[in-house]
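The values are calculated or read from the model by the stated rules, or taken from the named source; none is laboratory data. Quick caveat: nothing in here was measured; it's all calculated off a predicted structure. Note that we place each Cβ from the backbone using ideal geometry, even for glycine, and neighbour counts take in every protein chain shown.
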Amino acid sequence: MFAFSANSLNQLPENSEVEVAFAGRSNAGKSSALNALTNQKALARVSKTPGRTQLINYFTLPKPDCYLVDLPGYGYANVPPAVRAHWEKLLGDYLLTREPLRGVVILMDIRHPLKNLDITMLECCASRGLPAHIVLTKADKLKKGAQQKQLLSVERELADFPSPLTIQTFSSLKKQGVDKLTHQLDQWTGLNVYKHEL
């Protein structure tokens, strides 16, 4: 369930032991993926307007001091420059310095993967050896053959990536790929996310 929001690193919990972050461009379907993952319709607020996640949002997991962390969406231009700069610094500082962070789920629209800011996110992970799990969202927008082609293309492009990396397709609408994503979260958190209500 939702725990709290933070607008700066000094507002984050000191007793946190395990965190898994969700990051992605503002239109990548991050909130929808979180809702599909937890089998809840409104755990994370879904908006038709990109850029609504403006804070770091913490969600409790059924293990003490263990959290899913919804990071502000990046790449949304229609905000004041000072706000965008604050989001970007907050994201960077969190990814590079947050000690309980065990892995980062990076969501990308399967039709438009590996944009410049996505690469920057991956480089942040690599700089401290954090494992990354790429989720190619909105897979239902493509036929199965096209989905597989995009997946293979991303895998080839990142074949020499210097830190642990896994990739999958995903559809919140069809619940496609939920089991694979929850399995990855299990690896990082040490619990079965899917069998618990968050």
> If GLY75 passes every condition in (1) at pLDDT 80 or above; (2) in contact with a Lys or Arg (Cβ under 6 Å, 6 or more places away or on another chain) but one, which one does it miss?
Replying inline: (1)
> Out of ALA42, ALA6, which single residue is at pLDDT below 85 and over 16 Å from the mean Cα position of the chain (by Cα)?
Replying inline: ALA42
> Quick one: is LEU185 surrounded by 13 or more Cβ atoms within 10 Å (Cβ to Cβ) and assigned to a loop (DSSP other than H, G, I, E, B)?
Replying inline: no
> Under 7 Å by Cβ, and 6 or more places apart or on different chains, what pairs join a residue from segment 73-101 that is on the phi > 0 side of the Ramachandran plot with one that is outside any loop (DSSP other than H, G, I, E, B) and at pLDDT 80 or above?
Replying inline: GLY75/ARG25; GLY75/LEU117
> Counting just the residues of segment 171-182 that are in a helix (DSSP H, G or I) and either polar (S, T, N, Q) or surrounded by 14 or more Cβ atoms within 10 Å (Cβ to Cβ) (or both), which one comes out nearest to the chain's Cα centre (by Cα)?
Replying inline: LEU181
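State the number of residues belonging to segment 154-170 that are assigned to a helix (DSSP H, G or I) and closer than 15 Å to ASP118 by Cα.
Residues flagged as assigned to a helix (DSSP H, G or I) and closer than 15 Å to ASP118 by Cα within segment 154-170 amount to 3.
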>> Restricting to segment 111-147, give me the number of residues that are surrounded by 13 or more Cβ atoms within 10 Å (Cβ to Cβ) and assigned to a loop (DSSP other than H, G, I, E, B).
In response: 9
> Would it be correct to say that GLN150 is in a helix (DSSP H, G or I), in contact with a Lys or Arg (Cβ under 9 Å, 6 or more places away or on another chain), buried (at least 18 other Cβ atoms within 10 Å of the Cβ) and not acidic (Asp, Glu)?
Replying inline: yes
>> surrounded by fewer than 18 Cβ atoms within 10 Å (Cβ to Cβ) and β-branched (Val, Ile, Thr): is that true of ILE106 in this structure?
In response: no
